[in-house]
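Right, one structure below, let's go through it.
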Amino acid sequence: MPLEPRESDLPRIAGALKFYKIASIITGVMLLALCAEMLMKYAFGLELELGGAYGFLAFVPSGSAQAINLSTGILIAHGWFYVLYLFSNFRLWSLMRWSFPRLLLLALGGVIPFLSFFLEVRVAREVRAYLASRAERTASVSSAAPISNPVEASH
């Protein structure tokens, strides 16, 4: 039988899910930007430069950037957002008490292009469905509970 979230963790799951969704989208966008940048750099020998001699934003030959090298900035930004994404994965994973392979799958969302977008939708749907079923179960159990004090029942 798989583990279920603890009753005390239920209020925190919605916030963890929101954090995961935001981190997932940002990391996915940054990964796509990184892939595009790597394609331009290694296939065409170009890097993205900001505010250089070629204009405000331009592709320049690799190694000749005289201004701000956005290619390196994209690489660094994706790395930091991936760390944030891993933290959001761990937080949601630990609150939901999922298996370790599930954590590995979530972590792959930040290194396989487009996977974070698919996982974000699937995980959000699954967590919301779980929370709704858990709330329904709790409501049905509390409504079926017998009244312990007969004096209160007569009033």
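Within this structure, Gly79 fails the test of being part of a loop (DSSP other than H, G, I, E, B) and open to solvent by less than 50 Å² (accessible area, probe 1.4 Å). Restricting attention to the range 52-68, the residues that are open to solvent by 50 Å² or more (accessible area, probe 1.4 Å), more than 27 Å from Gly110 (Cα to Cα) and part of a strand (DSSP E or B) add up to 2. When Ala43, Ala23 are checked against the criterion of being among the small types (Gly, Ala, Ser), under 22 Å from Tyr82 (Cα atoms) and assigned to a helix (DSSP H, G or I), a single residue qualifies: Ala23.
Conditions tested, residue by residue: (1) open to solvent by less than 40 Å² (accessible area, probe 1.4 Å); (2) touching a Phe, Trp or Tyr at 6+ places or on another chain (Cβ under 7 Å); (3) of a type outside the set (Gly, Ala, Ser).
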site: Pro2; (1), (2), (3): no, no, yes
site: Leu46; (1), (2), (3): no, yes, yes
site: Trp93; (1), (2), (3): no, no, yes
site: Ser99; (1), (2), (3): no, no, no
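From the residues in the range 116-129 that are in contact (Cβ under 8 Å) with a residue 40 or more places away in the chain and of a type outside the set (Val, Ile, Thr), which one is surrounded by the most Cβ atoms within 10 Å (Cβ to Cβ)? If we take residues in the range 116-129 being in contact (Cβ under 8 Å) with a residue 40 or more places away in the chain and of a type outside the set (Val, Ile, Thr), then Ser116 is surrounded by the most Cβ atoms within 10 Å (Cβ to Cβ).
Considering Ser71, Ser88, Ser24, Ser8, the condition of being open to solvent by 30 Å² or more (accessible area, probe 1.4 Å) and of a type in the set (S, T, N, Q) is satisfied by Ser8 alone.
The values are calculated or read from the model by the stated rules, or taken from the named source; none is laboratory data. Here the structure is a predicted model, which means the values were calculated and not measured. FYI the Cβ positions are ideal-geometry reconstructions off the backbone, even for glycines, and counts take in every protein chain you see. In case anyone asks, the SASA skips ligands and DNA or RNA and just uses the protein heavy atoms, side chains included. Shrake-Rupley method; radii C 1.70, N 1.55, O 1.52, S 1.80 Å.
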